[in-house]
Amino acid sequence: MAQKTYAGVTVDVNEEGYFTNPSQWTKEIAVEIAKEEGIELTDKHFAVLEFLRKRHNSGEALSIRSINHSGVIDVKTFYQLFPGAPLKKATKIAGIPKPASCV
Amino acid sequence: MQKENPVKKVNIICAKGAIEDVYATLVMGNGAVMEGIETNLFFTFFGLDAIIKSRMDKLHTAVVGNPALRLPGGLRMPTLLGIIPGMESFTSWMMKSEMSKLDIPPVSEFLDLITAGGGKVYACKLAMDMFKIKKEDLSEHVSGVLTVGEFYEQAAGEGSHIIFT
């Protein structure tokens, strides 16, 4: 298993850089992963990250539709906040596994 | 894991209007948008139903002449059962409710998600003329009506792929 150091903390990640132990995540770490992805985190970003983590912790699958129904953010803003591949990027920054869903 | 020649753009053609045909296009298209791939969806012939306002959320699946159709439990559905009135509506309803459980949205909502992510939706001019469909009949997700030539122009570019579902 690979390890990476963010904000002075060493965390366990898989070969794609996703956390294998989501409890090692902190907001400071998120800021640094986001920088790697070229994103400057705002409160809006953190609201999304928290929603993703909450959903992951309750064992629910993530889909782009669930983001739209989250009440936190609509999909258009989601694509703007995490440009390119939003769900992949956002879950990486949120310190949770890459979603296995096709939708 | 970046591969050498990534898919940069997909152009998906949907020419049929049954639930499974349309969803093949929508799932592939939405998946591409989610990966950050430039996405064009092109609806033609019976596929137009997926972007006609009054029809898009009322698609059906064929219960006659569909040899892969199974009854709950896995037995093959005899084609003669398909002619029972209401069977097609019931089967289509079942398909949609099973898809909904997997967070697969209705067609109009799916197109919302795709266009919100920057995906583009086009209608085929020839098929519109043939079926006497007017621009006003199309959903607001549609960015334009294209000829075949214009479709190929849209599809141009390195790493661009054309998919016929």
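Reported count of residues in the range B:92-126, each being aliphatic (A, V, I, L, M), away from chain A (no Cβ under 14 Å) and within 13 Å of B:Ser143 (Cα to Cα), is 2.
Picking from residues in the range A:47-62 that are at the interface with chain B (Cβ under 10 Å from one of its Cβ atoms) and surrounded by fewer than 22 Cβ atoms within 10 Å (Cβ to Cβ), the one that is farthest from B:Met99 (Cα to Cα) is A:Glu60.
Inspection of the range B:106-122 finds a residue satisfying the criterion of being closer than 20 Å to B:Ser54 by Cβ, at pLDDT 95 or above and part of a loop (DSSP other than H, G, I, E, B). Entry remark, the range B:124-165: residues being part of a loop (DSSP other than H, G, I, E, B), under 19 Å from the mean Cα position of the chain (by Cα) and of a type in the set (Asp, Glu) number 1 in total. With respect to the conditions (1) free of Cβ contacts under 8 Å to residues at least 24 places away in the same chain; (2) part of a helix (DSSP H, G or I); (3) away from every other protein chain (no Cβ under 12 Å), A:Ser66 falls short on a single one, namely (3).
The values are calculated or read from the model by the stated rules, or taken from the named source; none is laboratory data. All figures in this text were calculated on a predicted structure; none of them were measured in a lab. In this analysis, Cβ positions are derived from the backbone assuming ideal geometry, glycine residues included, and neighbour counts consider all displayed protein chains.
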